[in-house]
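Asks: One structure coming up, written as structure tokens, with questions to follow.
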2 protein chains.
Amino acid sequence: MTSDSSSTAGSPEENATSSSVSGATALQDVSEYSGADDDLQKEIQTAVENLECCQSEIESLNVKVAKEILKVKQNYNKIKKPIFDKRNEFIMKIPNFWLTSFMNHPEMSKIIDDVEKEVLQYLTKLEVEEFENINSGYRIKFYFNPNPFFKNEVLVKEFSLGASDQFVSESTQIDFRRGSKLRKRLRDYQKMISKAKKRSKKSEEALPRSFFNWFVENAEDSNDIAKYIKDDLWSSPLQYFLVSDV
Amino acid sequence: MTSDSSSTAGSPEENATSSSVSGATALQDVSEYSGADDDLQKEIQTAVENLECCQSEIESLNVKVAKEILKVKQNYNKIKKPIFDKRNEFIMKIPNFWLTSFMNHPEMSKIIDDVEKEVLQYLTKLEVEEFENINSGYRIKFYFNPNPFFKNEVLVKEFSLGASDQFVSESTQIDFRRGSKLRKRLRDYQKMISKAKKRSKKSEEALPRSFFNWFVENAEDSNDIAKYIKDDLWSSPLQYFLVSDV
């Protein structure tokens, strides 16, 4: 489990946290006006204290906004759930739906190699589940038909908000079958990556990437792929399934 | 008025637009399964059509979510307005409040030169106003005391969502006083910038930036400064006023 680089985005209301400054700090810092006469200094001090009160009011309203928005989203997530389930049933009737959609996505297609294409033919169902508190995370579930590569029926990758307001990810351990081509391929990748890292410790040289490597790595750069799955493919899969140049 | 580079951010619900695919396209594209027998092909066709219905249902729910969230934000903006007004009254009692806060902001301080520091001593009031439809834009109003640089009492910079889902900005024309040091400084900047642009047509070399140049330019990179003002300084000004290392 490694921390992910991208922090939570959103308006100040949605990220509402109390950042009010204590009266003590205010008192101490207004001393820069010590050149001013006593009356002016007192006036400034009072203004700062009043300003602080306004700020607290605004911040507690921001917390309320955030809570109401969360409630709206939770409510609609409940309404949408059975429709997503129904959608998944229809998708499962279409051979290679997800493989086709992944390969039609301009960014996803870049990270899927030949062996992974073979594996993804067995991917029958995809699910994105937001946590009950939507802002705190989500998981992506990949369901597979029995296949020659691994024994798992479902592989889950979960993103949750860590202590420092950054998403951290965690994923199911893949239970490879003996002689799995995918395991071999992943090992080769990991060797290539560690070599590339040694070669260019400080440079930003792009490291080799692959779908299953993204899945197992929980590395710092793994969030962009999660976003392609969550915000593009899960949001409007048909768009990617039907159109080859999106 | 030039287009701004950053597009709107937000979850799929908040950016809800109908991207459903027409039945005609579906029919046409499923022909890749022409190798399959007639029954299977029909079944796939039906699945795609059903999937399309689910997708439309999900998208119309997304539109509803977006509308409800907008209503929550509008409602609270109304509640917050008088508190922001009161806060502004207190701020106006504190000499150089905004100049101090700007200079304590790590990014804003980088773009304020010596002449601009002099000008910003006359900045008494700052306001950020969201449009009635919050998602479509906002304006930043800078109120000035009478000063030797320009005649305007208020300078407004407005960001609104353009046709291609990108923010475009527009700003008040500055009515300079005769021999204004600020006008001279701005002209020098503009000469420097056009020279720098000629020198490095394709490179990403950072061009010289200044606060008033940002204000008048409405250029493509102008949104980050707007965000520092809107999301940092307007959201929690005291934090910047009181603490010099934020």
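Asks: Limited to the range B:37-55, what total is found for residues that are within 18 Å of residue A:232 (Cβ to Cβ) and not acidic (Asp, Glu)?
Replies: The initial filter retains those residues of the range B:37-55 that are within 18 Å of residue A:232 (Cβ to Cβ), namely B:51-52, B:54-55.
Next cut, not acidic (Asp, Glu) only: B:51, B:54-55.
So the count comes out to 3.
Asks: Quickly run through the range A:221-242 and pick out the residues that are in a loop (DSSP other than H, G, I, E, B) and within 14 Å of chain B (Cβ to nearest Cβ).
Replies: Taking the range A:221-242 as the starting set, the residues that turn out to be in a loop (DSSP other than H, G, I, E, B) are A:221-222, A:234-236.
A:234, A:235, A:236, listed by residue number.
Asks: If we only count helices (runs of 4 or more DSSP H) wholly inside the range B:28-132, which ones have 2 or more residues that are in contact with a strand residue (DSSP E or B) (Cβ under 8 Å, 6 or more places away or on another chain) and open to solvent by 20 Å² or more (accessible area, probe 1.4 Å)? First the steps, then the outcome.
Replies: Details: elements: B:38-92, B:97-104, B:114-120.
The qualifying helices (runs of 4 or more DSSP H) are B:38-92.
Asks: So in the range B:172-200, with the set limited to residues that are open to solvent by less than 70 Å² (accessible area, probe 1.4 Å) and farther than 13 Å from residue B:150 by Cβ, which one is modelled with the highest pLDDT?
Replies: Only one residue fits best here, namely B:188.
Asks: For residues that are in contact (Cβ under 8 Å) with a residue 24 or more places away in the chain and within 25 Å of the chain's Cα centre (by Cα), tally how many sit in the range A:41-72.
Replies: Qualifying residue count for the region: 6.
Asks: So which of B:86, B:80 ends up being farther than 23 Å from residue A:70 by Cβ, facing chain A (nearest Cβ under 8 Å) and free of Cβ contacts under 8 Å to residues at least 40 places away in the same chain?
Replies: Numbers: B:80 fails: farther than 23 Å from residue A:70 by Cβ.
Of the residues listed, the single one that is farther than 23 Å from residue A:70 by Cβ, facing chain A (nearest Cβ under 8 Å) and free of Cβ contacts under 8 Å to residues at least 40 places away in the same chain is B:86.
Asks: Same structure, new question: If you take the residues in the range A:73-98 that are under 15 Å from residue A:123 (Cβ atoms) and among the aliphatic types (A, V, I, L, M), which one is farthest from the chain's Cα centre (by Cα)?
Replies: If we take residues in the range A:73-98 being under 15 Å from residue A:123 (Cβ atoms) and among the aliphatic types (A, V, I, L, M), then A:94 is farthest from the chain's Cα centre (by Cα).
The values are calculated or read from the model by the stated rules, or taken from the named source; none is laboratory data. Quick caveat: nothing in here was measured; it's all calculated off a predicted structure. When we count neighbours, we look across all protein chains shown, and the Cβ atoms used for this are built from the backbone with ideal geometry, even at glycine. Note: areas computed on protein heavy atoms with side chains; ligands, DNA, RNA excluded. Shrake-Rupley method; radii C 1.70, N 1.55, O 1.52, S 1.80 Å.
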